[in-house]
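The values are calculated or read from the model by the stated rules, or taken from the named source; none is laboratory data. Keep in mind that this is a model prediction, so the values were computed, not measured. All Cβ positions, glycine included, derive from the backbone under ideal geometry; neighbour counts span all protein chains shown. Just so you know, the surface numbers come from the protein's heavy atoms only, side chains and all, with ligands and any DNA or RNA stripped out. Shrake-Rupley method; radii C 1.70, N 1.55, O 1.52, S 1.80 Å.
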4 protein chains.
Amino acid sequence: MIKVGIVGGTGYTGVELLRLLVQHPEVELKVITSRGDAGTAVADMFPSLRGRVPLRFVDPQQADLNACDVVFFATPHGVAMAQSPDLLAHGVKVIDLAADFRIKDVAEFEKWYKIPHTEKALLDEAVYGLPEMRRAEIAKARIVANPGCYATAVQLGFLPLVEAGVVDLGSLIADAASGVSGAGRKAAVGSLFSEASDNFKAYGVGGHRHLPEIRQGLAAAAGQQVGLTFVPHLTPAIRGIHATLYARLTREVDVQALYEKRFAGESFVDVMPAGSTPDTRSVRASNTCRIAVHRPQGGDTVVVLVVEDNLVKGAAGQAVQNMNLMFGLAETTGLMQVPVLP
Amino acid sequence: MIKVGIVGGTGYTGVELLRLLVQHPEVELKVITSRGDAGTAVADMFPSLRGRVPLRFVDPQQADLNACDVVFFATPHGVAMAQSPDLLAHGVKVIDLAADFRIKDVAEFEKWYKIPHTEKALLDEAVYGLPEMRRAEIAKARIVANPGCYATAVQLGFLPLVEAGVVDLGSLIADAASGVSGAGRKAAVGSLFSEASDNFKAYGVGGHRHLPEIRQGLAAAAGQQVGLTFVPHLTPAIRGIHATLYARLTREVDVQALYEKRFAGESFVDVMPAGSTPDTRSVRASNTCRIAVHRPQGGDTVVVLVVEDNLVKGAAGQAVQNMNLMFGLAETTGLMQVPVLP
Amino acid sequence: MIKVGIVGGTGYTGVELLRLLVQHPEVELKVITSRGDAGTAVADMFPSLRGRVPLRFVDPQQADLNACDVVFFATPHGVAMAQSPDLLAHGVKVIDLAADFRIKDVAEFEKWYKIPHTEKALLDEAVYGLPEMRRAEIAKARIVANPGCYATAVQLGFLPLVEAGVVDLGSLIADAASGVSGAGRKAAVGSLFSEASDNFKAYGVGGHRHLPEIRQGLAAAAGQQVGLTFVPHLTPAIRGIHATLYARLTREVDVQALYEKRFAGESFVDVMPAGSTPDTRSVRASNTCRIAVHRPQGGDTVVVLVVEDNLVKGAAGQAVQNMNLMFGLAETTGLMQVPVLP
Amino acid sequence: MIKVGIVGGTGYTGVELLRLLVQHPEVELKVITSRGDAGTAVADMFPSLRGRVPLRFVDPQQADLNACDVVFFATPHGVAMAQSPDLLAHGVKVIDLAADFRIKDVAEFEKWYKIPHTEKALLDEAVYGLPEMRRAEIAKARIVANPGCYATAVQLGFLPLVEAGVVDLGSLIADAASGVSGAGRKAAVGSLFSEASDNFKAYGVGGHRHLPEIRQGLAAAAGQQVGLTFVPHLTPAIRGIHATLYARLTREVDVQALYEKRFAGESFVDVMPAGSTPDTRSVRASNTCRIAVHRPQGGDTVVVLVVEDNLVKGAAGQAVQNMNLMFGLAETTGLMQVPVLP
């Protein structure tokens, strides 16, 4: 059994990690920390876990994380950076669901996240945890940077085109919509039901933090810089990200075959038949990402539709997928929940 | 492995049965029928099942249901009545999720459902499938009448009071709200998003079909007739039933202790601490029913709050629970999914 | 033109007052205050008002409220109590949308609102602003206590029965559901989209602040104390309150005729035909309250269904209705917006 | 007073026309037809209109439309084509909210709408009713083709760029999301609450009927053909369209100034300050279209955000705006409702 700790478990990523880990056959949940809610029973905060998670939140100072095999950070940015060195020194593996180790260029990280990066060596060492791109490296990693929710969807959607070098890399467009859980569980006026319900809006048009992360991944896949316009939107759903990607073909290619081949054998990427329009609910509460490729009216613009559950494949599920790889388990262990529809 | 057939699998109860059965370790899904969609791949109608359910819907005429160990009817009323005798004669057990075998009084059945009952002997034989009331009988049954969604919540909520004989049986009130999936997957103006969203309304105030079913169950528990006012409402949620029950105490009793004792050992009924207010999402996509009991301001009115997922404990999950009992499995087999929150 | 000031205009009641007042033909909006947002343009906070409200929020210290004819308080409890005496001394009328002047019994007020009442003479003077009960008094009032949202719906729904003395006054039950805007615009986890959406729950079962207010009104109508159980619920809608009221008839009466007669001539109370089930959207964004009366299966339990928009008839609209009365205008002036459906 | 008839008033466009026309100071509503619901009181179908619209639906055969000054068609495609000639011959003006007269190229119309066009002369005569493009022509028109909902948003958003000739006309992208009311009030599984809620999906990627309409308008503005990729999505809101438009600048221009100048003086187009992100609720139930222009990170991709209420500026409100123009009224008459927020 893998002994697991969670740092910062009171947000939506935390409760989703708990949902998945408590059903994972190879996991023993040892400790979960919270600065603000130490002492509270997990099941009192999240009644969905009554009878399933007997733990209480523990003050971070008093948590014995070093006895774990792996620790997940479901914290604000900066916490994993501070605590990882000690954990790693004790032989504990680290999976960070925040952004501390996602962006390799320190200046770029500091520009977007407004905090200094204090662990540059670890930043070099950390593996970007998108298994469909870096499976082998993840399997050997001590520390994994779990990708952002938008970043997962947009990179998976563009990868086949970018790797194959068949599109204009200077004019990629990613138009995406996220459910409100992506904004987290913190009290904020913009996330209130009465603000977000029956509404639709763009945000972060001038620059969203997932932009540099996506550009970095696509550049690595392309072997050159890419030009990307990324516009996220807020849609009145709890869960789900839908990305609509636009790229211009620079040479003729069977895009459907390209995608099917690229993702053949992937357990969590489902390339749908030509003409499909995936909906976010078809992956609700599951670790699956579904993709459909279109060429409207046979033109040279490719439209790629990608859906994922932002809390699962976009966060906690992918983190567990990474854990499975890091501990030599079958990648699908504990992650085969059927999506909940309706 | 239990060989399972489903008759009428294109509604929400059908897809929920599929979600649960495909994850059930002792079930082999053999056949699923649909009159209107024969030939369609199940996964084409419900993309959430892509990669998980390889079956196609089969025309009822051509389905080999007699080779099954058990057949679930997720059909309109009247179908199970017509097909059950032949199945039973072939040794196939039957679980009817419609109302054909719920109401023992034929005249009462015919009054509320407007169709003649043609199988009175089977009606006598059928066991009402509320395990928390009739566990032993279900275990021996050939045919089980799976309770209605409201009927499950309201009966479970009133049972301790009624069995203990501590409330005025002439003035019970059940005020309940259901998510829209309770109305099924058929195209109807009243169930449209633009009608049901951002809205709340009562319906069936003059008489809902679950009323006689609830009265029958409570009368059996009380050993006498009960007077019940039942007002269902439609709330803009996909899943979930919340019942708020009102009863007047006729003698002093510790209601919290009464409920805890009555449901001690039940895997799927969670009596919450005094003062709790269960929310429907805390049981979303799970087979759990949560109950909290109140005595506002210490008066003699007891208020019982009950939540369940109408498609799980209120339909498909309870049907699987009944199957487990009928086949000697642990009652929780395949039913321990953690609720999906948020 | 009536010169109007608003104290505390950054909540939902405030923006709704603005929506109504800016369209009111006899109103000149002079000043709107906010402690936290002084200097902000109203239209920057509420883009729906761009081009319609040219004002900026003003610091309360610097607002010239004494030059107004009437001031609305859309503030937390306690503010109107502090500021009203000075306004009244300057001849400014006051309409308080908070609870400061609703409950005549000081001890009761202090018990439920946990603040001392410092203006007992004004509390005596203030008129409870439910026009359908106290029209003549409101017309002569200097200070009006605008009723709570639930209190409006529940009192209007029970009034005919209670005034006529035809029901058991000891066992009234009010089961109500409110949209989330009733919780206001303050950042709170429980009001987040991801918490309140696709969910349904009761709250305040042990005692909601509108309970003493409702009991006071019904007792006045009955000429005696009443016993009331009141259970509010949260439903995933932005606007709307639906109250389902239960009472036991103590003598035979034509309840439909009773209601039609009681509300004959009322502009904002619509008694629907027998058998109707009003939905909250049918009054969305309007000042109308719709009521339907039922006697399920001809029994002695009366079920009354009431809907209103909690922000209009339950708050800002009723406040404007009161203003119209206080200034001798036709009661419907500026309040005849047709409900927005769908 | 303008005597108004409505053909086909039982859909969402119909009820929205009624909401606006009943509040319009210069309109007398004479007749409303429905084939399926003749005899039904309008207020019985739409309780929001109780006490406001005393009419009953009339069978189209028996409706005296020729006595009207103007007739609105809120019907499926093909009906206005059949009935307009006779109305026009009687001096009745026509505003068609369906697509019969939107597309000038008959072959194109027939390709997308799958019905033959039988009134080619009228098609030539009809004026495309986008006032911000064709105000003068509309004022003189006998017959107006009211634009599609997406077509209104996308054209208004692109117009300044296209008219100024500052973007690459071969690679325009319009990514839009619509509330579910855009699909109308007909019973369809895809529009059910339990299908559309908590979900997000693209549709019509291969070709939506508003595509040729948009291309025609933009080509007219540009003086040349345009290449446009248009991907509509369904978002779980009742009302609202949000369009996110992408275009590549071919020469340097102050886009903010360009938009402000183009729409200066327009009553129903609000160009927001640079950096704004309009939300659909800020125009809910109003005839306003709000636009914000961005150049993410100063690059050469312009991102235009456009919001409108699909039932108002995208349908019934624009139709009334056209009526005002056709009858010489101030364009804003009866259309100044403040948006409903929250």
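Distance from the C-alpha centroid of the range B:298-328 to that of the range D:119-190: 52 Å, rounded to the whole angstrom. The tail of the calculated P(r) for the range A:47-91 beyond 12 Å holds 71 percent of all Cα-Cα pairs. The residues packed around C:Leu192, meaning those with a beta-carbon under 10 Å from its beta-carbon, carry a net charge of 0 if Lys and Arg are +1 and Asp and Glu are -1.
In this structure the amide hydrogen of A:Val167, modeled in the peptide plane, comes within under 5 Å of the amide hydrogens of A:Thr250, none closer than 5 places in sequence on its chain.
Each of C:Val283, C:Leu161, C:Ala141 was scored by the projection of its Cα onto the charge dipole of chain C, and the greatest displacement toward the positive side belongs to C:Val283; charges sit on the C-beta of Lys, Arg, Asp and Glu.
Against the longest principal axis of chain B, how steep is helix B:149-164, in degrees 0 to 90 to the nearest 10, with axes from Cα atoms? Here the helix axis deviates by roughly 40 degrees. In order along the range B:74-87, phi translates into HN-Hα couplings of 10, 10, x, 4, x, 6, 4, 4, 6, 9, 5, x, 5, 4 Hz, rounded to whole numbers, per the Karplus curve 6.51 cos²θ - 1.76 cosθ + 1.60 with θ = phi - 60° and x for Gly and Pro. Taking Cβ atoms as reference points and 14 Å as the exclusive limit, the residues near D:Ala126 contribute a net charge of -1, counting Lys and Arg as +1 and Asp and Glu as -1. D:Ala219 label point (Cα plus 7 Å toward Cβ) to equivalent points in the other copies: 4.2, 7.3, 7.7 nm, shortest first. Phi-derived couplings, Karplus 6.51 cos²θ - 1.76 cosθ + 1.60 at θ = phi - 60°, listed residue by residue for the range C:228-234: 9, 9, 10, 10, x, 10, 9 Hz, with x used for Gly and Pro.
Across the range D:320-334, rounded Karplus estimates of 3J(HN,Hα) from the backbone phi angles (6.51 cos²θ - 1.76 cosθ + 1.60, θ = phi - 60°) give 5, 4, 5, 4, 3, 4, 5, 10, x, 8, 4, 4, 8, 3, x Hz, Gly and Pro being marked x. Evaluated at q = 0.12, 0.15, 0.20, 0.21 Å⁻¹, the base-10 log of the normalised Debye intensity for the range B:231-342, with identical point scatterers placed on the Cα atoms, takes the values -0.47, -0.71, -1.09, -1.15. A viscosity of 1.306 mPa s and a temperature of 10 °C, combined with the Kirkwood radius over C-alpha pairs in the Stokes-Einstein formula, give the range A:27-180 a diffusion coefficient of 90 µm²/s. Toward the positive end of the charge dipole of chain D, with +1 on the Cβ of Lys and Arg and -1 on the Cβ of Asp and Glu, the farthest Cα among D:Ala315, D:Ala188, D:Leu228 is that of D:Ala188. Summarising the amide proton neighbourhood of C:Tyr128: residues at separation of 5 or more, or on other chains, whose placed amide H is nearer than 5 Å comprise C:Ala145. Ordered by 1.4 Å accessible area with all protein chains kept, A:Asp254, A:Asp300 run largest first as A:Asp254, A:Asp300.
By the gyration tensor of its Cα atoms, with a ≥ b ≥ c the square roots of the eigenvalues, what is the shape of the protein assembly as shown: rounded for a/c under 1.5, prolate for a/b over b/c, or oblate? Rounded, because the longest to shortest axis ratio a/c is under 1.5.
Backbone amide hydrogens, once placed in the peptide plane, bring D:Cys289 within less than 5 Å of D:Val269, D:Asp270, excluding anything fewer than 5 places away on its chain. Percent of C-alpha pairs per 20 Å bin in chain A, short distances first: 32, 60, 9, 0. Helix content alone sets the calculated 222 nm mean residue ellipticity of the protein assembly as shown: runs of n ≥ 4 DSSP H residues at -39500 (n - 2.57) each, divided across all residues, give -8500 deg cm²/dmol. Against the criterion of solvent-accessible heavy-atom surface with a 1.4 angstrom probe, C:Met133, A:Met336 sort, most first, into A:Met336, C:Met133. Per-residue surface analysis assigns D:Ile95 an accessible area of about 0 Å², computed on protein heavy atoms at 1.4 Å probe radius. Each copy carries a label point for C:Glu163 at 7 Å from Cα toward Cβ; from one copy, the others' points are 4.8, 5.9, 7.6 nm away, ordered from shortest. Computed from Cα positions, the angle between helix D:210-222 and the longest principal axis of chain D comes to roughly 60 degrees. Computed over chain A with a Gaussian network model linking Cα atoms closer than 10 Å, the most mobile of A:Ala67, A:Ala315, A:Ala80 is A:Ala67.
The Cα atoms of the range A:108-158 give a gyration tensor whose axes a ≥ b ≥ c have a/c of 1.5 or more with a/b no greater than b/c, which makes the shape oblate. The GNM of chain A, with springs linking C-alpha atoms under 10 angstrom apart, assigns the highest mean-square fluctuation among A:Lys114, A:Lys313, A:Lys93 to A:Lys114. Accessible area ranking (1.4 Å probe, heavy atoms, ligands and nucleic acids excluded), largest first, for A:Glu331, C:Glu213: A:Glu331, C:Glu213.
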